[in-house]
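The values are calculated or read from the model by the stated rules, or taken from the named source; none is laboratory data. This structure is a prediction, so every number in the text was calculated from the model and none was measured. Using ideal geometry, Cβ is built from the backbone for each residue, glycine included, and neighbour counts are taken over all protein chains shown. Just so you know, the surface numbers come from the protein's heavy atoms only, side chains and all, with ligands and any DNA or RNA stripped out. Shrake-Rupley method; radii C 1.70, N 1.55, O 1.52, S 1.80 Å.
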Amino acid sequence: MSILIKNGTLITASDTFQADILIENEKILELLAPKSEVSQLWEGTVIDAAGKFITPGGIDPHCHFDLPMFGTVSSDDHYTGHKAAAFGGTTTVMDFVPLAPRPLPAGEGAELKASVEAWLEKAAKAAIDYSFHMNLSRLDDSIAAEIPSLVKMGITTLKVFTAYNGRLRLDDGGIFRALRIAKEHGMLVMAHCENGDVIEQLVPEALAAGHVTPEWHALTRPGWGAVEATLRMAAMAAQADSPVYIVHMNMGGEVDMLKYARERGVKVMGETCPPYLFFTIDDLRRPDGAKWICSPPMRSKEDNARLWQGLHEGILQTVGTDHCPFFFDGAKPIIYEGKEIAIPGKELGAQDFTKIPNGLPGVQDRMPIMWTYGVRAGRITPNQFVAYMSTNPAKIFGLYPRKGALLPGADADIVIWDPEKRVKYGVAHSHQRTDYNLYEGWELTGCPEKVFLRGKLIVDGEKWLGKSGDGKFLKRGAGEII
């Protein structure tokens with residue numbers, strides 16, 4: 001099917017200009033000058049985008065769908081979460097494959113392959129395009145030998161943790177080994193940076209003292225642990241001469257460490273998430289503070305400001321979501337696509353903050369929130385918005401220019417924005433499958449109007465035209481260091 005989108009204003013990571021877009025066979029065939037002869041004589045499907053902005057589809061590099069945790073599971077799966085993403089203007093998401101908690105029988109040597117296949121089965125219902133990162137929560141000789149096989153599967157990223165002792169964490173020697181393996185095979189290591197040893201000391205002390213409310217989730221995960229772990233991770237990357245990508249940066253000091261390391265030639269990149277730009281530990285002190293429980297936790301207004309400054313100055317590279325939603329009260333069902341559903345959620349930790357499932361909804365919220373409170377507020381430019389939301393993730397994770405671009409030959413993942421549309425945002429507007437929204441009642445100006453996935457219109461205003469199975473798994477090659 002051929003489509004002409006005309007009269008719109010295109011916004012890319014580098015330029016803003018008028019052009020018409022000709023789409024054919026899932027790709028952008030051509031960018032045409034406004035009122036060109038081709039446009040004037042076009043007799044196929046035409047979409048008039050006069051007065052509208054056009055951007056590449058968003059790429060969320062950090063999501064968790066259908067993730068088991070604390071005896072329950074994150075409430076969005078690879079259909080519901082993808083649908084929500086599309087309504088927010090995101091057309092590609094990247095999920096994390098958990099490594100099986102126990103090794104396969106000795107000699108099988110296919111733990112990574114089995115883990116990926118299990119996650120591909122879960123993702124068969126995908127509604128938008130997707131890719132995977134591999135959690136590296138255990139590293140022995142067998143797993144080390146298997147890591148290169150991930151590249152053949154199209155997975156070129158490994159995630160390591162400096163926290164969650166005894167569960168997800170590798171020691172520094174293991175992380176250094178992973179960095180060297182990654183360098184050898186053109187892969188990228190992603191790192192969750194906190195100080196696991198300090199956390200393991202503080203949590204039992206807090207519980208013993210009777211401190212069980214949500215704010216103690218933040219107080220037992222000190223921000224300085226994230227700052228020092230970020231610099232330690234950059235130092236290991238420098239010594240391995242291997243790139244590293246720091247996920248969900250939440251401390252102003254992490255921005256300082258990122259800047260320090262990058263100025264000294266370290267190949268380190270940083271991601272933040274919208275909640276860390278707006279919320280603080282005081283939100284955890286609210287009666288419904290469990291809604292804001294995630295790891296790492298909310299910090300301070302000063303940290304909010306420094307993270308915004310890091311985006312404004314181009315110190316950070318991406319804005320992901322770490323989307324991992326849970327019901328606030330999983331005992332009460334909600335209606336989703338006409339059916340009642342209830343999934344145990346944050347009420348599990350009503351008497352103990354350590355039992356509150358860690359994670360927030362956000363995959364739909366990211367782009368509309370960042371447009372109003374980032375672009376319209378003058379904190380970032382429209383071109384920076386496209387860079388952080390789409391183009392930079394595409395480049396870093398080996399998808400550019402197939403994704404993240406408005407160029408001939410790119411997938412026709414396109415968002416038409418109504419820059420003047422006003423919305424009072426919240427759970428009633430959201431398609432995330434949970435019972436609350438962090439941005440309840442916030443006033444937005446500028447929202448996606450139409451969303452195309454490889455040339456197929458999947459969101460048209462409030463209409464969902466996509467379906468389960470529309471999404472494709474994206475095999476990725478080596479990315480860029482930006």
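Could you please find all residues in region 337-359 being closer than 14 Å to residue 288 by Cα, open to solvent by 10 Å² or more (accessible area, probe 1.4 Å) and part of a helix (DSSP H, G or I)?
347, 348
Quick one: in region 398-452, of everything that is assigned to a loop (DSSP other than H, G, I, E, B) and of a type in the set (Val, Ile, Thr), which residue is nearest to residue 31 (Cα to Cα)?
Among those residues, the one meeting the criterion is 427.
Which residues, counting only those in region 129-142, are more than 17 Å from residue 74 (Cβ to Cβ) and crowded, with 20+ Cβ neighbours inside 10 Å?
129, 131, 134, 136, 139
Checking residue 297 against (1) out of contact with any strand residue (DSSP E or B) (no Cβ under 9 Å at 6 or more places or on another chain); (2) open to solvent by 10 Å² or more (accessible area, probe 1.4 Å), only one condition comes out false. Which one?
Of (1) out of contact with any strand residue (DSSP E or B) (no Cβ under 9 Å at 6 or more places or on another chain); (2) open to solvent by 10 Å² or more (accessible area, probe 1.4 Å), only one is false for residue 297: (2).
Here is a list: 362, 469. Which entry is surrounded by fewer than 18 Cβ atoms within 10 Å (Cβ to Cβ), touching a residue at least 40 places away in the same chain (Cβ under 8 Å) and not in a strand (DSSP E or B)?
Matching residue, one of 362, 469: 469.
How many residues are under 23 Å from the mean Cα position of the chain (by Cα), farther than 18 Å from residue 183 by Cβ and assigned to a helix (DSSP H, G or I) if we restrict to region 218-261?
Summing the residues that are under 23 Å from the mean Cα position of the chain (by Cα), farther than 18 Å from residue 183 by Cβ and assigned to a helix (DSSP H, G or I) in region 218-261 gives 16.
What number of residues in region 120-175 are in a helix (DSSP H, G or I) and acidic (Asp, Glu)?
Residues meeting the conditions: 4.
In region 365-391, which residues are among the small types (Gly, Ala, Ser) and either within 14 Å of residue 323 (Cβ to Cβ) or not in a helix (DSSP H, G or I) (or both)?
377, 378
When you go through (1) open to solvent by 40 Å² or more (accessible area, probe 1.4 Å); (2) under 30 Å from residue 331 (Cα atoms) one by one for residue 436, which number turns out not to apply?
Unmet for residue 436, out of (1) open to solvent by 40 Å² or more (accessible area, probe 1.4 Å); (2) under 30 Å from residue 331 (Cα atoms): (1).
If you check residue 417 against the conditions, is it over 20 Å from the mean Cα position of the chain (by Cα) and open to solvent by 50 Å² or more (accessible area, probe 1.4 Å)?
no
Hey, does region 195-216 have a residue that's at pLDDT 95 or above and closer than 17 Å to residue 268 by Cβ?
Taking every residue of region 195-216 in turn, none turns out to be at pLDDT 95 or above and closer than 17 Å to residue 268 by Cβ.
For region 18-119, please list each of the strands (runs of 3 or more DSSP E) lying entirely inside it that holds at least 2 residues being touching a residue at least 24 places away in the same chain (Cβ under 8 Å) and open to solvent by 10 Å² or more (accessible area, probe 1.4 Å).
Correct list: 27-32, 45-48.
Please go through region 170-208 and pick out each residue that is touching a strand residue (DSSP E or B) at 6+ places or on another chain (Cβ under 7 Å), under 18 Å from residue 147 (Cβ atoms) and either open to solvent by 70 Å² or more (accessible area, probe 1.4 Å) or of a type outside the set (Val, Ile, Thr) (or both).
Scanning region 170-208 gives 170, 178, 179, 182, 187, 188, 190, 191.
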